[in-house]
Amino acid sequence: MMEESIKNRAGVESMTLLVIYTPGMQVEHKRLYGPIWRSRFGPFDVVNVATPELILQVIRQEGRYPVRTALPHWKEYREMRGHAYGLHVDTGPDWYRMRSALNPKMLKLQEAAAYAPIIHDVVTDLLQRLEQLRLRSQDKNTVNDLASELYKFGFEGISSILFEMRLGCLQEEIPTDTLRFIDAVNNMLTLSESVLFLPRWTRKIFPFWTQFVQAWDDLYNVAQRLIDQKVKQMDEQVQRGEQVQGMYLTYLLTSNKLSLAEVYITITELLLGGVDTTSNTMSWTLYHLARDPELQNRLYQEVESVCPDKQLPTTEHLSKMPFLKAVIKETLRLYPVVPGNGRLTSENEVVVDNYWFPKETQFHLCHYATSHDENEFPNPESFVPERWLRGTTSRSQHHPYSSIPFGVGVRACVGKRVAELEMYFALSRLMQHYEVRPVDGSPSIQPKTRTLLIPSKPINLRFIPRA
């Protein structure tokens, strides 16, 4: 029996663990129970795997149409409103068809590079916004709650690509619809866990379901309005006999690979995945660089050597900045935006670690535990970008699945290339303009889970202009 085998392996009397897995719990339960254990929480009965080799075994057996953790509350909302399912809810050939339509203009490096001018425009607005904020501070250098500003940057960046228009997230006065959009994303992600784990009968007692539906309504309605605006613009171009030109949204609307309803929901989901990755990773990166002047200076010297005199970095320049990329990789290792991922064995029975598992087994891939494993990364809680550089004594000989913040295979993050470009360009230009320092007496900050991994407290930093 699966339950008995894993129970003996874990060495515990009861495998009913009524918990929501935080990153710290992943590490602690791996220490207590070994690399594979079973747990139950809310509606989920889960087999947890917490070594790179076991994650690889699950991934290799996931079939042509991998299924992630079920999101019944997302599915229920879409059925209630008559919306298309989208990437996070749909499965099988329909999911594969949608994913295949989204990939070409996102995952290919040469295609993603076309978004560089858009990203640079947004980074310029970010620099102007940070300059305004620091000059308003008492010491003329401090930016409080940096993560909040970088969240607006992430939102503006991915929105500019997906909707082919600027939403004004970094303006002094943010437009009402944009504020509604930002709030809806925050509210939906914050409420998602409460709705998922509370029984349905509690919806008449607690307000979470009603608030969750309202957040999704706001999110969907704003996205639909922006997409309809683009459709109208394209129709007018056709009527005037003009060639329809554009980038990502134009491609989706003219490819005839997705219905309009599917475009609405997939663009909305891409937006959800594109904001936190950039904003949180950048927040943690600057937090650590501010606390290690030597590392920060090394990064600055690399950027300056490739792009002297504040020269605008290009994608070609990035290939000559290995330390810049190592800094981002190390941040994603320490703080994977998605600390754990799910896989449902919907097609076949599987064998993992010599245990047999039937169809419909839910696996939890403990990415946080593997990326914090001292067997993979010596001194795992330390920020050591050199561990990603070839030819250095600090380089880690780690398993390729020990740190996979964007996932792998056909279920890998579709926006990976765009997110990387946003972070590389933003970080290199910030280094060109500022030396970043901590605020005197500022506390150390730990991560917390809000569906995704985020800083537990505001990050306040000082931005000192470079001569």
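For the list (1) within 21 Å of Gly409 (Cβ to Cβ); (2) at pLDDT 95 or above, I need the number of the one condition that Leu71 fails.
Among (1) within 21 Å of Gly409 (Cβ to Cβ); (2) at pLDDT 95 or above, the lone unmet condition for Leu71 is (2).
Starting from residues that are part of a loop (DSSP other than H, G, I, E, B) and of a type in the set (Val, Ile, Thr), keep the ones in segment 369-406 and report whichever is nearest to His29 (Cα to Cα).
Taking segment 369-406 as the starting set, the residues that turn out to be part of a loop (DSSP other than H, G, I, E, B) are 372-384, 389-406.
Next, from what is left, pick out any that are of a type in the set (Val, Ile, Thr): 384, 392-393, 404.
Details: Val384: 25, Thr392: 33, Thr393: 31, Ile404: 20 Å.
Taking the candidates together, the pick is Ile404.
Just for strands (runs of 3 or more DSSP E) wholly inside segment 416-461: which have at least 1 residues that are among the charged types (D, E, K, R) and surrounded by fewer than 22 Cβ atoms within 10 Å (Cβ to Cβ)?
Result: 434-438, 447-450.
Return the residues of segment 348-368 that are within 17 Å of Gly34 (Cβ to Cβ) and in a loop (DSSP other than H, G, I, E, B); say none if nothing qualifies.
Asp353, Asn354, Cys366
Within segment 86-115, how many residues are buried (at least 20 other Cβ atoms within 10 Å of the Cβ), touching a residue at least 40 places away in the same chain (Cβ under 8 Å) and not aliphatic (A, V, I, L, M)?
So the answer is 3.
Does any residue of segment 401-412 turn out to be closer than 26 Å to Arg68 by Cα, more than 16 Å from the chain's Cα centre (by Cα), buried (at least 18 other Cβ atoms within 10 Å of the Cβ) and at pLDDT 95 or above?
The initial filter retains those residues of segment 401-412 that are closer than 26 Å to Arg68 by Cα, namely 401-412.
So of that shortlist, the ones also more than 16 Å from the chain's Cα centre (by Cα) come out as 401-402, 409-410.
From the residues that got through so far, the ones that are buried (at least 18 other Cβ atoms within 10 Å of the Cβ) too are 401-402.
Restricting the remaining residues to those that are at pLDDT 95 or above gives 401-402.
Yes, segment 401-412 has at least one match.
Across segment 281-322, what is the number of residues that are among the basic types (Lys, Arg), on the phi < 0 side of the Ramachandran plot and assigned to a helix (DSSP H, G or I)?
Number of matching residues: 1.
Just checking, does segment 140-156 include any residue being surrounded by fewer than 18 Cβ atoms within 10 Å (Cβ to Cβ) and free of Cβ contacts under 8 Å to residues at least 60 places away in the same chain?
yes
For residues in segment 295-352 being over 28 Å from His29 (Cα atoms) and among the hydroxyl-bearing types (Ser, Thr, Tyr), which is farthest from the chain's Cα centre (by Cα)?
Ser305
Restricting to segment 335-391, name every residue that is within 24 Å of Ser283 (Cβ to Cβ) and among the hydroxyl-bearing types (Ser, Thr, Tyr).
Once the filter is applied, which keeps residues that are within 24 Å of Ser283 (Cβ to Cβ) and among the hydroxyl-bearing types (Ser, Thr, Tyr), segment 335-391 yields Tyr335, Tyr368, Thr370, Ser371, Ser382.
From Ser382, Ser402, which residue is polar (S, T, N, Q) and either in contact with a helix residue (DSSP H, G or I) (Cβ under 8 Å, 6 or more places away or on another chain) or within 24 Å of Ile36 (Cβ to Cβ) (or both)?
Unique residue meeting the criteria: Ser402.
The values are calculated or read from the model by the stated rules, or taken from the named source; none is laboratory data. Here the structure is a predicted model, which means the values were calculated and not measured. Please note: Cβ atoms are built from the backbone with ideal geometry, for glycine as well, and neighbour counts cover all protein chains shown.
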